[in-house]
Amino acid sequence: MITAELVKQLREKTGAGMMDCKKVLTETDGDMEKAAELLRERGIAKAAKKSGRVAAEGLVCSYVSDDKKVGAIVEVNAETDFVAKNEEFKAFVNDIAEIVVKSNPADVEALLSTTYKDAGKTVGEVLTDKIATIGENMTIRRFARFESEGIVESYIHGDGKIAVLVDFKKGDSILAKDVCMQIAAARPEYLKREEVPQAAVDKEMEILKAQAMNEGKPVEIAEKMVQGRIGKFYSEVCLLDQEFVKDSSMKVGDLIESKGAEMVRFARFEKGEGIEKAEENFAEEVMKQLK
């Protein structure tokens with residue numbers, strides 16, 4: 001007899017749908033391993049059909065070498081938050097981050113062609129297997145990898161929602177962790193003012209000038225006001241110009257300088273950012289599953 005507990009165990013192991021789990025367990029007389037294999041065999045043929053589905057959930061993850069000289073963050077997406085909590089999926093994302101650090105692929109395409117640990121398969125082939133087993137479209141969206149003369153540090157926020165990676169030429173892990181949390185919370189776009197594209201600065205100055213003139217200020221006064229207000233723009237988009245979240249009396253740049261440290265770069269990934277999610281009617285989705 002196939003019990004509800006047995007179905008639950010197979011679903012948690014593979015992420016496959018309840019009805020699929022019950023069906024293969026019935027066919028294999030309750031053999032968990034054979035049932036999982038059967039799901040994989042049948043799912044491979046279905047994996048291609050799932051590739052068009054929007055995968056905006058998932059996880060971001062990090063891996064840093066023991067000597068803190070090399071680190072990476074990755075984003076792997078799935079269709080639902082349920083899969084993101086699946087232990088098999090979590091282990092896969094962790095493996096991908098480690099592979100990025102150790103193999104140094106040039107891009108995602110190269111990563112997919114990289115050997116997956118000691119599995120005798122490529123990352124792309126293992127990804128296809130996971131899609132088949134778990135039953136959802138999944139994509140390795142992006143990664144960032146730093147090699148450092150000093151130290152690399154990372155931070156994961158919100159159980160895999162935000163990942164931050166920093167590279168310090170000089171500094172320690174305590175400072176690097178604090179800066180990681182700053183980046184996670186304050187969402188800077190650039191490290192310093194010199195990195196902001198001139199086009200972005202010009203556009204902001206036009207907006208500020210228009211705002212001042214809308215307040216009734218003459219052109220020459222408006223232009224002077226722009227110079228005073230552009231600092232606020234830099235304090236929002238540049239990490240070194242931001243107020244330190246743990247002590248608003250100092251800027252992040254001042255903090256780093258006070259520690260005799262030197263920061264080189266950072267990367268910040270937020271799960272699903274920029275991906276347009278399809279709006280689904282929950283009742284309709286349930287009906288589709290039942291059919």
Exercise for the section: Calculate the length of the line joining the C-alpha centroid of region 102-124 to that of region 146-212, in whole Å. Expected result: 28 Å
Fill in the blank from the handout: For region 219-261, the dipole about the Cα centre with charges only on Cβ (Lys and Arg +1, Asp and Glu -1), to the nearest 20 debye, works out at 60 debye
Practice task
Counting only heavy atoms of the protein chains, get the accessible area per residue of the chain (1.4 Å probe) and round it to a whole Å² value.
Solution key: 55 Å²
Fill in the blank from the handout: With -39,500 (n - 2.57) per DSSP H segment of 4 or more residues and division by the full residue count of the chain, the 222 nm estimate, nearest 500 deg cm²/dmol, is -15500 deg cm²/dmol
Exercise for the section: Quantify, in whole percent, the carbon and sulfur part of the accessible surface of region 67-214 (1.4 Å probe; protein heavy atoms only). Expected result: 48 percent
Exercise for the section: Kindly sort E153, E33, E262 by accessible area of their heavy atoms, largest first, with the probe set to 1.4 Å. Expected result: E33, E262, E153
Handout entry: Inter-label distance, nm, simple model (7 Å from Cα along the C-beta direction), A110/D81
Key = 3.6 nm
Practice task
Quick one: grab the alpha carbon gyration tensor of region 182-284, order the square roots of its eigenvalues as a ≥ b ≥ c, and give me rounded if a/c is under 1.5, else prolate or oblate depending on whether a/b is larger than b/c.
Solution key: oblate
Practice task
Hand me the GluC sites (Glu not before Pro) from region 195-234 located in a DSSP loop with no more than 13 other Cβ atoms within 10 Å, in residue order please.
Solution key: E215
Exercise for the section: Order the following by accessible area, largest value first: I221, I131. Probe radius 1.4 Å; ligands, DNA and RNA are ignored. Expected result: I221, I131
Completion exercise
Here the gain from full extension of D67 to D29, 0.36 nm per residue of separation minus their alpha-carbon distance, amounts to 8.7 nm
Completion exercise
Of the listed pairs K22/K102; K13/K117; K85/K121, those with alpha carbons more than 29 Å apart are K22/K102
Problem - Prolate/oblate/rounded call for region 75-167, Cα gyration tensor, a/c under 1.5 rounded - result: oblate
Practice task
Quick one, can you get me the convex hull of the C-alpha atoms of region 111-262 expressed as volume per residue in Å³?
Solution key: 188 Å³
Practice task
Enumerate the aspartates and glutamates that K68 could reach by cross-link, defined here as Cα to Cα under 20 Å, with residues fewer than 8 away along the same chain left out.
Solution key: D95, E98, E147, E149, E153, D167, D172, D178, E262
Completion exercise
Sorting K224, K209, K130 on solvent-accessible surface, 1.4 Å probe, most exposed first, gives K224, K209, K130
Exercise for the section: May I ask for the Kirkwood hydrodynamic radius of the chain, worked out over all distinct Cα pairs and given in angstroms to one decimal? Expected result: 22.0 Å
Exercise for the section: Ignoring everything but the protein chains, give the 1.4 Å probe accessible area of R265 in square angstrom, nearest 10. Expected result: 90 Å²
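The values are calculated or read from the model by the stated rules, or taken from the named source; none is laboratory data. These numbers come from a predicted model, not from an experiment. Methodologically, a virtual Cβ is constructed for each residue, glycine included, from the backbone with ideal geometry; neighbour enumeration extends over all protein chains shown. We work out accessible area using only protein heavy atoms, side chains counted, and drop any ligands, DNA or RNA first. Shrake-Rupley method; radii C 1.70, N 1.55, O 1.52, S 1.80 Å.
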